[in-house]
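A short worksheet on the structure shown next.
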Amino acid sequence: MRTVLVNADDLSLEAMTPIQTILRKTEDLKGAKRKLSWACAAMR
């Protein structure tokens, strides 16, 4: 754990970008699901 804590600053900068992209993708998926649910509700 000590090595992780020591390298946390270096790792966080590299790890933040993939985490942010994953979060954006999940948000896009949530938005798509909402749009689909709205479309289904409109069809009814």
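The values are calculated or read from the model by the stated rules, or taken from the named source; none is laboratory data. Keep in mind the model is a prediction, meaning the values are calculated, not measured. Neighbour counts are summed over all protein chains in view; Cβ atoms, including those assigned to glycine, are modelled from backbone coordinates with ideal geometry.
Close contacts from the stretch 18-39, counting a first residue that is without any contact (Cβ under 8 Å) to a residue 60 or more places away in the chain and a second that is of a type in the set (A, V, I, L, M), with Cβ to Cβ under 6 Å and a gap of 6+ residues or different chains, come to none at all. With the structure loaded, tell me whether Met43 is at pLDDT 60 or above and surrounded by 10 or more Cβ atoms within 10 Å (Cβ to Cβ) or whether it fails that test. No. Against the definition (at pLDDT 85 or above and surrounded by 10 or more Cβ atoms within 10 Å (Cβ to Cβ)), how does Ser12 come out, yes or no? Criteria not met by Ser12.
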